[in-house]
Amino acid sequence: MTCPNSNARLVVYGHHGCGLALRLEEALKNGDVDYEWRDVREGEPRFRDELRQLARGHLSVPTVIFPDGTVMVEPRPDDVLRRLKRGSWAGMMWFLGLA
């Protein structure tokens with residue numbers, strides 16, 4: 001699934017009562033990844049509505065939107081980091097004219 005991501009940075013929907021979302025947040029911080037955290041419990045009400053659209057009517061967290069618009073629902077932290085690494089490598093290959 002893809003969606004427009006005008007931020008051009010990683011967006012994470014979550015809340016601090018979810019262990020998986022907390023592990024993802026920790027992994028992103030440890031990896032020095034630039035991201036926006038959208039707390040669906042304590043943040044703006046529109047975050048819940050956006051999440052429902054992304055997660056087919058559910059409030060599934062974490063849900064991640066990558067800079068290219070790709071969406072992952074309830075991913076493991078290592079899957080997100082792997083996807084980020086692959087995405088940056090693909091961009092570098094294009095830049096070098098190897099893709």
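Observations on the model:
- Residue list for region 20-35, filter: touching a residue at least 40 places away in the same chain (Cβ under 8 Å) and aliphatic (A, V, I, L, M): Leu20, Ala21, Leu24, Ala27, Leu28, Val33
- Residue satisfying condition, being surrounded by 12 or more Cβ atoms within 10 Å (Cβ to Cβ), outside any helix (DSSP H, G or I) and over 9 Å from the mean Cα position of the chain (by Cα), within set Leu28, Leu59, Leu51, Leu22: Leu59
- Residues that are farther than 18 Å from Gly19 by Cα, in contact (Cβ under 8 Å) with a residue 40 or more places away in the chain and among the polar types (S, T, N, Q) are absent from region 60-68.
- Filter pass, Ala8 being among the hydrophobic types (A, V, I, L, M, F, W, C), modelled with pLDDT under 95 and on the phi > 0 side of the Ramachandran plot: yes
- Any hit, region 73-80, residues being among the hydrophobic types (A, V, I, L, M, F, W, C) and at pLDDT 55 or above: yes
- Being out of contact with any strand residue (DSSP E or B) (no Cβ under 6 Å at 6 or more places or on another chain), at pLDDT 95 or above and of a type in the set (D, E, K, R) is a property that Glu50 has.
- The one condition in (1) crowded, with 17+ Cβ neighbours inside 10 Å; (2) in contact (Cβ under 8 Å) with a residue 24 or more places away in the chain that Arg83 fails to fulfil: (2)
The values are calculated or read from the model by the stated rules, or taken from the named source; none is laboratory data. Everything quoted here is computed from the prediction, not taken from an experiment. Positions of Cβ are generated from backbone atoms using ideal geometry, with glycine treated the same way; all protein chains shown enter the neighbour counts.
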